[in-house]
Amino acid sequence: MSPNLRDWYSRSRELSNKIYGWIKRTLGAFLSEARWWEGAVCGVVVATGVVLAILFYTRVLDPFTLGRFLVFGMQVGEAGVTGLAALAGVTLIMKLPTTFKWVLAVAAPVVWLAVGRVGPGQAGWILLALVLVPGLFIGGGYWVGRGGLRDATKTRRVLVIGTLGLGLAIAVFDVAWLANDGSEPDAYTNAASEGSPLTTIDLPDPSESGEYQVLTLTYGSGEDLHRLEFGEDADYVTESVDGSKLIDGWEGRGGWARTRYWGFDSEELPLQGRVWYPEGDGPFPLVLIVHGNHGMEDFSDPGYGYLGQLLASRGYIFASIDENFINSSISDRLDDDGGLDEENDARGWLLLEHLKVWASWNESAGHVFERKVNMDRIGLVGHSRGGEAVAVASAFNRLPYYPDDATLAFDYDFNIRAVVAIAPVDGQYRPAELPTPVENVNYFTIHGANDGDVTSFQGSRQLERIRFTDDRYWFKAGLYILGANHGQFNTTWGATDTSAPNSWFLNRAPLIPASEQEQIARVYISAFFEATLRGERGYVPLFADHRSGGHWLPDTVYLGRFEDSRQQFVSTFEEDIDVLTATMPDARQWQEHLTLWKERDVGLKSRTMGTKAVYLGWNTEEGEAPASYTIELPEEGLELDADSLLTFVMADADQKAPRPESDDDEGDNENADEAEAENDDESSADSEDAEPEPIDLTIELTDAEGRSASLPLAHFSLLQPQIKVQTRKAEFLSRGASSEVVFQSFAFRLRDFAAANPEFDATQLASIRFLFDRTPEGVVVLDDVGFR
């Protein structure tokens, strides 16, 4: 070793020994400083008190109920007992042999993680950590330094200043992080809005107020303990109904607290509502709206006044139904089973009981609504659990008995023509353990991509189950909106999709303003009822393509799904497990050069969509033949003309297609299995890559004489990349995937293909070919190929 290198090594070793010695002395002083630990104890006690005060305010005092108070007391008591048990356990463990303690130290967290007990967790635990850590350092530093630092040793001054500064810095960070709205999203591709719509609607803006003067009233039990408008100030008093056969879980301790709060039990459920109605002779269509699950003491029914005011001015009777008494409460935790169970059937049944009241009023001489209600034109709107309840009501409306207890007879059969589901859940109630079937009703579901409560587009599941079986005109549609959340469709819920303190962890920065989200609801819900209850079909194109009414809508990404009763389906991929067969008899389908080809159920963030589709993947390098997927049409069965539309739905699968194993590999599906391994949880795979580019491809039609005509997918619009959002401020707080398959409807005029090749005969089609020649690689999900 050279002298210079030896000298450098010696100085480096001396410096490292000094640093090590300083750390050892400081750490030793820290660990042996009894006063620091006394202060730390005080700091932890104070911090715990702060956490309890926050939870007591958010969960008990705002608002206060006896049930909430009892639950809070029980939870604090259980936490204390758990802590004492943990202390006893640690004391016992310390007396165990050293080897066993090491094994236990490794095994315990492994088992803990294996059973899924560690994860995003409850906000209360995170809040506890955020408060306890700074409390620990601030308390310890203050206690050591409270006598002054003038005569203190250097080590003690470092200990006091360091721990105080660290604790204060963490506290400031915690407050700033909890107080901010989150992180702004990056600029997002809006491929679905590019291009021109097939039709631009030339009708009045459906979100503009109409010509009617709006009047209001309320009806209720006359005995509501908490709201005068349903109590002694109610304009009309209604009789209560017995819902005990539809509601489970009211009998326990939580039910006792619920009964004490409301003054009634499940045998005496009130029929209560807020009404906006037009001044005039009528008769007017009737629309009922019902809220979803929220804290039962934080009343949800007033939050749809903006829709009531609009629709009443346009000639509808609009009633916001009160079902707060079957919403959740912290008092439910008094019960081992968590309180009310699968109560969405009761929510839907109550709507039908309200319709009975309206039918009675319409026939009552001298009543304000005598002959003013058009009971032949009824619409239902539901939000969240209410969004499932309106589908349940539509199903119950045509049944003779309650499916889960046939001793309860039904006798409704109202003319419910239109149903709107706002950010609905699906499957909370399953009639006879089956998904809720609904047929012959117009259906529209709307969902926000940034929904922090119902994070998956569950309305798409019910949308799939809507069936049209008679000869009347019906349609169903779905709309998915970037920047919309769960609560801003209801003015009392707002930007917080969960209750405090959980709401403090929501990422609210990417949300569109509440006024814009309400505007979207105004446009679509008003247009929906104009089309379905008034017969103004000029608004129907809005549901087939949002761009047709884009001049009424805020600027964001919209993904729309549309189907009507005129649809002729060639392939829905539901018929069997043979990938070569199609839905229409004698139709066949095959592929060339695909590296992924599989028919499977479509995955969402949670569960599946409940429909099969075909996944098509290609990975083509320059100079290689493009991949394709062809559907051969039957010689008979299709009725087409130049005005017919080729229709299908498609979505970006957010997967990476594998490369073929060899040049002569014509799409062997071994690679497809590898590509889908990342999606075994039935949800989209999250990617760390940059924002993906929209997918384009070629649609090629061939007639019976072999003449072809082609149009790019972009002739209608490009395929939107999956919309990825983070609903919590930190990724580790979020559950599941950040995106999912959301279908986008495409429609091509056959006359446009004929324009591309005048010799092509659009009325004698022989095949449809999807040619993947415009984007080098990708995976798409294709479904419901047909004509309208």
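The values are calculated or read from the model by the stated rules, or taken from the named source; none is laboratory data. None of the values given here were measured: they were computed from a predicted structure. Heads up, the Cβs are rebuilt from the backbone with ideal geometry, glycines too, and the neighbour counts pull from every protein chain shown. Side chains included, ligands, DNA and RNA excluded: accessible areas come from the protein's heavy atoms. Shrake-Rupley method; radii C 1.70, N 1.55, O 1.52, S 1.80 Å.
Taking (1) modelled with pLDDT under 95; (2) within 25 Å of the chain's Cα centre (by Cα); (3) open to solvent by less than 30 Å² (accessible area, probe 1.4 Å) in turn, ASN293 satisfies each apart from (3). Taking the stated definitions as given, is TYR261 touching a Lys or Arg at 6+ places or on another chain (Cβ under 8 Å) and surrounded by fewer than 24 Cβ atoms within 10 Å (Cβ to Cβ)? When the stated conditions are applied, TYR261 does not pass them.
Taken as a whole, segment 235-242 holds at least one residue that is assigned to a loop (DSSP other than H, G, I, E, B) and closer than 25 Å to GLY280 by Cβ.
Test VAL381 against the stated conditions and say whether it is in contact with a strand residue (DSSP E or B) (Cβ under 6 Å, 6 or more places away or on another chain), buried (at least 21 other Cβ atoms within 10 Å of the Cβ) and either modelled with pLDDT of 95 or more or of a type in the set (Ser, Thr, Tyr) (or both). If you could, list the steps in order and put the result at the bottom.
Numbers: in contact with a strand residue (DSSP E or B) (Cβ under 6 Å, 6 or more places away or on another chain): yes; buried (at least 21 other Cβ atoms within 10 Å of the Cβ): yes; either modelled with pLDDT of 95 or more or of a type in the set (Ser, Thr, Tyr) (or both): yes.
Yes; evaluated as a whole, the condition is true for this residue.
Candidates in segment 465-485 are the residues that are open to solvent by 20 Å² or more (accessible area, probe 1.4 Å) and within 19 Å of the chain's Cα centre (by Cα); of these, the one that is nearest to VAL441 (Cα to Cα) is ARG465. Residues in segment 222-237 that are open to solvent by less than 90 Å² (accessible area, probe 1.4 Å) and within 34 Å of the chain's Cα centre (by Cα) were compared, and the one that is farthest from TYR277 (Cα to Cα) is HIS226. Counting only strands (runs of 3 or more DSSP E) that fall entirely inside segment 245-363 and contain at least 2 residues that are touching a Ser or Thr at 6+ places or on another chain (Cβ under 7 Å), the qualifying elements are 273-278.
Contact annotation: residue pairs with Cβ atoms under 6 Å, 6 or more positions apart or on different chains, pairing a residue in segment 462-483 that is closer than 18 Å to GLY379 by Cα with a partner that is part of a loop (DSSP other than H, G, I, E, B) and small (Gly, Ala, Ser), are PHE468/SER565; TYR473/SER565; TRP474/SER565. Looking at segment 510-525, can you tell me whether even one residue there is more than 26 Å from GLU208 (Cβ to Cβ), under 17 Å from the mean Cα position of the chain (by Cα) and open to solvent by 10 Å² or more (accessible area, probe 1.4 Å)? For segment 510-525, residues more than 26 Å from GLU208 (Cβ to Cβ), under 17 Å from the mean Cα position of the chain (by Cα) and open to solvent by 10 Å² or more (accessible area, probe 1.4 Å): present.
Taking segment 280-290 on its own, how many of its residues are open to solvent by less than 10 Å² (accessible area, probe 1.4 Å) and over 15 Å from ASN324 (Cβ atoms)?
So in segment 280-290, the residues open to solvent by less than 10 Å² (accessible area, probe 1.4 Å) come out as 285-290.
Subsequent filtering for residues that are over 15 Å from ASN324 (Cβ atoms) retains 285-288.
Of the residues in that region, 4 qualify.
Go through segment 754-769 and count every residue that is under 17 Å from SER628 (Cβ atoms) and either surrounded by 22 or more Cβ atoms within 10 Å (Cβ to Cβ) or of a type in the set (A, V, I, L, M) (or both). Spell out the reasoning first.
Filtering segment 754-769 down to residues under 17 Å from SER628 (Cβ atoms) leaves 765-769.
Those left that are additionally either surrounded by 22 or more Cβ atoms within 10 Å (Cβ to Cβ) or of a type in the set (A, V, I, L, M) (or both): 765-766, 768.
The qualifying residues number 3.
In the set (1) under 26 Å from ARG749 (Cβ atoms); (2) at pLDDT 90 or above, the condition left unmet by TYR615 is number (1). Residue count for segment 503-524, restricted to those that are modelled with pLDDT of 95 or more and in contact with a helix residue (DSSP H, G or I) (Cβ under 6 Å, 6 or more places away or on another chain): 6. Within segment 543-553, is even one residue outside any helix (DSSP H, G or I), in contact with a Ser or Thr (Cβ under 8 Å, 6 or more places away or on another chain), under 23 Å from LEU719 (Cα atoms) and of a type in the set (Lys, Arg)? Among the residues of segment 543-553, not one is outside any helix (DSSP H, G or I), in contact with a Ser or Thr (Cβ under 8 Å, 6 or more places away or on another chain), under 23 Å from LEU719 (Cα atoms) and of a type in the set (Lys, Arg), which makes the answer no.
Summed over segment 622-659, the residues that are in contact with an Asp or Glu (Cβ under 9 Å, 6 or more places away or on another chain), open to solvent by 20 Å² or more (accessible area, probe 1.4 Å) and farther than 21 Å from LEU719 by Cβ give a count of 7.
What are the residue pairs meeting all of these: first residue in segment 386-414, first residue closer than 21 Å to TYR443 by Cβ and in a loop (DSSP other than H, G, I, E, B), second residue open to solvent by 50 Å² or more (accessible area, probe 1.4 Å) and of a type in the set (Lys, Arg), Cβ atoms under 7 Å, and 6 or more apart or on different chains? Within 7 Å, the pairs are ASP413/ARG398.
Scanning segment 431-461 for residues that are part of a loop (DSSP other than H, G, I, E, B), open to solvent by 40 Å² or more (accessible area, probe 1.4 Å) and free of Cβ contacts under 8 Å to residues at least 40 places away in the same chain yields a total of 1.
Of all residues in segment 486-509, at least one satisfies being under 14 Å from the mean Cα position of the chain (by Cα), of a type in the set (Gly, Ala, Ser), open to solvent by less than 10 Å² (accessible area, probe 1.4 Å) and on the phi < 0 side of the Ramachandran plot.
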